[in-house]
Amino acid sequence: MSRTAIVGGGAVGLASAHYLAESGHEVSIFEESGVASGASYGNAGTFAPYACIPVNNPSVFANLHRYLLSPRSPFRLRMQQLPRMLPWIGRFLQHSTAARSHQTSVELARLLGLANAAYAGIIGRAGADLIAPQECLYLYSSSRAFDAAARDMALRRQLGIPVEILDEAGIRALEPNLSPRFHKGALFTGSWFFRSPYRFLTTLAERLTQSGVEMVRASVQEVRPQEGGVDLVLTDGRSVRFDHVVIAAGAKSRHFALQCGDKVPLDTERGYHLTFPAGAGLLSRPCGWAERGFYMTPMADGLRVAGTVELGGFSPALRTSLLSLLSSSARDAVHGLGGPTTEWLGFRPTLPDGLPVLDRAAASPRVIYAFGHQHLGLTLAGITGQIVASFVNDTPQPISLAPFAANRFASHAA
Ligand SMILES: Cc1cc2nc3c(=O)[nH]c(=O)nc-3n(C[C@H](O)[C@H](O)[C@H](O)COP(=O)(O)OP(=O)(O)OC[C@H]3O[C@@H](n4cnc5c(N)ncnc54)[C@H](O)[C@@H]3O)c2cc1C
């Protein structure tokens, strides 16, 4: 048995705690702002094993001018952040070529293929009350958009991900309250969703605490590998020694990796959500409007409209034009939504190749990295937790982790 600390109490940190506790380790989670208060709080709640097509795909080249200039684009750049983000954006574009993007899809599909089974024990611990079985539906309002998605659908099938194409009548039979503008849909068999990611994760945290996992409300300043252990230095000056430390601090993991010998180009894709309480009951499943870059998910407290990508660092300032785009797009998709009552901004942890880092640190095999899950951290939390436990237990990993190595960017400046 080892004493293991986890930095970060989001979906990834909590799932790691679940698997480490299952293996009999003594686990402490260090979380500075409250369990599931980061990206894990306000996401779209989809368990999305179909989502192997990364944002960095060849379509970004054709759309680049729109991302920079159009107020209708769901993908935006904060111009003041452009100089800081240029190296990251350069790498993102390098990984958007057809060949690189294909490789990312293959690697993501391998992880995603293990994601469902890896959630079973976690749902067993947290309870299934907030899990809903309805599959996700992607919607297309123009034949141009549907035709443009044909290659992605073919790749999904090739990678063993089932997709059922629906016509207008098929969409209407499932979701009668959707606008008639949608003539084609794609239903992803095997997907499901969380009716409140926050409540699911806080329940998981409570159950973990009851079984002996320690929750520490503290901000970690430094992770310091030592001979025979790892010290966590907290911002209040305390230092605590552990046998292993897991870095699961989401988008804020980069400087911890640097302290442990790895320069990783982790940055953030900002994303937003709005909640429409009057939208409760209008949809039965997550519906994603592909061209507009967002999901509408029927959550416990109303319809959550979540998505968009904004490259622009960690400023807490909300981009009102993106919130307005989400709001007007949701009203175009479903009638009778009323007004939104909550607005939320979250920070997806993203590397420029669209893959997470799942590895041991260069400076010490006792430090384990589990971050960078971009749009898929809720979905991949379970399998990531299993992988983290295999590192600590020193048992074979379920798949080769070479594509998720921390040093995969080492030949370029990070
Ligand atoms: C709009 C939007 C929609 C999304 N939709 C989906 C979806 O439908 N399905 C899906 O699978 N994924 C989705 N995602 C992505 C998903 O939410 C993230 O990938 C996931 O939440 C990342 O989890 P995490 O645990 O790595 O990070 P986080 O949830 O951000 O957790 C990291 C934690 O670390 C803590 N922390 C950071 N620094 C320190 C420190 N120094 N000391 C102590 N604690 C620290 C933070 O407070 C935070 O709680 C979406 C994201 C967004 C923004």
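The values are calculated or read from the model by the stated rules, or taken from the named source; none is laboratory data. What you are looking at is a predicted structure, and each value in this text was computed from that prediction instead of being measured. With ideal geometry, Cβ positions are generated from the backbone for all residues, glycine too; neighbour counts draw on all protein chains shown. Quick note on the areas: whole protein, heavy atoms, side chains included, nothing else; ligands and nucleic acids left out. Shrake-Rupley method; radii C 1.70, N 1.55, O 1.52, S 1.80 Å.
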*In degrees, nearest 10, range 0 to 90: what is the angle between the Cα axis of helix 59-69 and the longest Cα principal axis of the chain?*
80
*If you take the square roots of the eigenvalues of the alpha-carbon gyration tensor of region 95-197 and sort them as a ≥ b ≥ c, do you get rounded (a/c under 1.5), prolate (a/b over b/c) or oblate?*
oblate
*Cβ-placed point charges (K, R +1; D, E -1), dipole of the chain about Cα centre in debye, nearest 20*: 900
*Hey, any idea what Rg/Rh is for region 210-338, computing Rh the Kirkwood way over Cα pairs?*
1.14
_How far apart, in nanometres, would the label points at Lys263 and Thr97 be if each is projected 7 angstrom from Cα along the Cα-to-Cβ direction?_
2.3
_Which of Phe47, Phe371, Phe391 ends up with the largest GNM mean-square fluctuation for the chain, with Cα atoms connected below 10 Å?_
Phe391
*Tell me, how many Å apart are the Cα centres for region 290-319 and for region 39-69?*
11
*asked:* So with the 1.4 Å probe, I'd like the accessible area per residue for region 170-263, rounded to whole Å².
replied: 45
*Measure out, as a whole number of angstrom, how far apart the alpha-carbon centroids of region 197-244 and region 334-378 sit.*
19
*Give the accessible surface of region 72-123 per residue, rounded to a whole number of Å², with probe radius 1.4 Å and ligands, DNA and RNA excluded.*
44
*Relative to the longest principal axis of the chain, what angle (0 to 90°, nearest 10) does the C-alpha long axis of helix 377-393 take?*
20
*Convex hull over the alpha-carbon atoms of the chain: what's its volume per residue in Å³?*
130
*Quantify, in whole percent, the carbon and sulfur part of the accessible surface of the chain (1.4 Å probe; protein heavy atoms only).*
54
*Accessible surface, per residue, of region 300-414 when the full set of protein chains is kept, probe 1.4 Å, Å²*: 33
*Helix 98-112 sits at what angle to the longest principal axis of the chain, using alpha carbons and giving 0 to 90 degrees rounded to 10?*
70
*Kirkwood estimate for region 30-99, i.e. one over the average of 1/r between Cα atoms, Å*: 14.9
*In terms of solvent-accessible area of protein heavy atoms at a 1.4 angstrom probe, what is the ranking of Thr395, Thr104, Thr203, highest value first?*
Thr395, Thr203, Thr104
